[in-house]
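Novice: Here's a structure for you.
Just so it is clear, none of the values below were taken in a lab; they were calculated from the coordinates. Small disclaimer: the values here were computed from a predicted structure and weren't measured. Using ideal geometry, Cβ is built from the backbone for each residue, glycine included, and neighbour counts are taken over all protein chains shown.
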Amino acid sequence: MNKVITINLGGIAYQLEEGGYDALRVYLESAAMRLRQNPDRDEILLDIERAIAERFRALLGSQKTVVETKEVAAVVAEMGPIEAESGEGATPGAAEPKPPPGASTYGAGGGERPPGQGGTPRRLYRIYEGAMISGVCNGLAAYLNIDPTLVRLAFALLTMLWGTGVLVYLVMAMVVPAARSPEEKSAASGAPWTAQEFIRRAKEGYYETMKGFPDRAARREWKRRFKREMRGWRMSFDREMRANADHVRTNWHNYWTEQAPFHPGLGFALPVLSLLQGAAAVLLICAVVSLLNTSRVFGLALPAKIPEWLAALLLFMAYGVLTSPLKAARRACYWGLGRPHWAWSSLFLLDAVIWLAVVAVLLCLAVHFFPELSEAVHGLPALAHQAATDIHAWWKGR
Amino acid sequence: MSVNEKFSGMRKGLLEFLLLQIIAVEKVYVADILKQLSATEFATQEGTLYPLLSKMRREGLVEYEWKESEAGPPRKYYKLTPKGQEELRETLEYWDKINTTVKKLRQP
């Protein structure tokens, strides 16, 4: 399973595996570097991009939508290194600017990010796009190049250790700046080509191409095609931004559409799976509460050597393991349904509603039937009040 | 040092001359040029051709026009300008002179 990144080449959107994207970026950056003295730099770069785009187009078909890393490497190798102009200089070698150390590979060595030279240096920011609360976890995930869910989980686990997670989160939310400008956003994820940059380049290519058209019909056709491409591209980018600030798109889509052809029954399996997962979630909450209150899990005493926090951790892990097939099955249902359709969209909505309803009902039942849980729930306001006074006192005593 | 290596600088210098010849025959786009050169000692790549063509365009030897392609985006088709034709004629003349000299000095 590889990350897929959408890029724009000569006005057309392509999806590349992450390694391929890196290889291409290194190639184009080194090309730009070598051509920096060239008055026609931008035009040559556009020519190169168009040539690469044409090769990518030849590789793709209706079944294949993603360019693989090794294919990108092959295309880049076929393109060959960009030669700086040597016509004017007395010695061909002297006029050539030295490429940066990282760029000399031309991506031929696969998709390795050159150390320190991989474009924009990363900085820690909060990222609002795709954030849950204030983008701390999201920004941290982008900074570490991992899944934000993992970071969120880590914070949740930390919170169980006397609320450390909440404290750290609050401090980070106050201290870490939010990424607002395009530059900051690109620095947050280390990706130099932001959405704005893509659009700018695409438009540039479009007008440049437009200039050379002889007649109006051809111009109109090109305009129509360009608009369609841009629309599709922007939509896919927006979708990705929503899904994840690091605009990560996994190959799950392809994988599942290949594995599971369209089947309406899948749509009806969804609510059932949701029910099961909801029940498991409630069970977990009950187990943790009963563990924290009575040091027992549903009446079962812990082995003497296991501390409570470890037991809670184990519970979470058990939950993760037990529900992973459920999650995978739900995902399979989603993708198995093929292209989004209003009927299925409404089914997903129904699914979400059912999920929430089940969790709510089960929680109510649990509060009703487990005295310790109800105690915990009733104790919450007092706990919050206590925390507020503590913070207040700390603030005053500062 | 093999002959191939020894002449790499010379081949590089001659590439522009060959491009003038190829473009003189008919309007071509870069993939055509690559194909024509691929079987010869002058086989080259886009990374070399695009900068060279852009330099020739800047010097007024070639110009290009956009043409629709049946699949994909439009392509740049190159053709010679009058100045390019003049340059080609002069270069061919000079090349013949060099060739004559080489032949004359060659051991019988």
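Novice: Quick one: A:K64, A:K3, fewest Cβ neighbours within 10 Å first, how do they rank?
Specialist: Sorted ascending by nearby Cβ count, the order is A:K64, A:K3.
Novice: Per residue of the range B:91-99, what does 6.51 cos²θ - 1.76 cosθ + 1.60 with θ = phi - 60° give for ³J(HN,Hα)? Whole Hz please, x for Gly and Pro, Karplus curve as stated.
Specialist: Each residue of the range B:91-99 in turn: 5, 4, 4, 5, 4, 4, 4, 4, 4 Hz.
Novice: Counting Lys and Arg as +1 and Asp and Glu as -1, each charge on the Cβ, what is the dipole of the range B:3-105 about the Cα centre in debye, to the nearest 20?
Specialist: With Lys and Arg at +1 and Asp and Glu at -1, about 240 debye.
Novice: Looking at this model, which pairs from A:K223/B:K76; A:K64/B:K76; B:K27/B:K83; B:K55/B:K76 are more than 25 angstrom apart at the alpha-carbon?
Specialist: Check vs 25 Å cut-off fails for A:K64/B:K76.
Novice: Follow-up question, since we're still on this one. With no solvent and one equal point scatterer placed on each C-alpha of the range B:3-105, evaluate the Debye formula and give log10 I(q)/I(0) for q = 0.12, 0.15, 0.18 Å⁻¹, two decimals.
Specialist: Listed by q, the Debye log ratios stand at -0.44, -0.68, -0.93.
Novice: Let me confirm one metric for peptide A:49-60, namely the mean number of other chain beta-carbon atoms within 10 Å of its residues' beta-carbons.
Specialist: Whole-number average of other-chain Cβ neighbours for A:49-60 is 3.
Novice: Fewest to most neighbouring Cβ within 10 Å: what's the order for B:S38, B:S2?
Specialist: Placing the least packed residue first, the sequence is B:S2, B:S38.
Novice: Still on this structure, please answer the following. Rounded to whole Hz and in sequence order, give me ³J(HN,Hα) for the range B:27-44 from the Karplus expression 6.51 cos²θ - 1.76 cosθ + 1.60, θ = phi - 60°, writing x for Gly and Pro.
Specialist: Running phi through 6.51 cos²θ - 1.76 cosθ + 1.60 with θ = phi - 60° gives 5, 10, 10, 4, 4, 4, 4, 4, 5, 5, 8, 4, 7, 9, 5, 9, 3, 9 Hz.
Novice: Another question, then. Amide H to amide H under 5 Å from B:V62: which residues, 5+ apart in sequence or cross-chain, H placed 1.01 Å off N in plane?
Specialist: B:R57, B:T81
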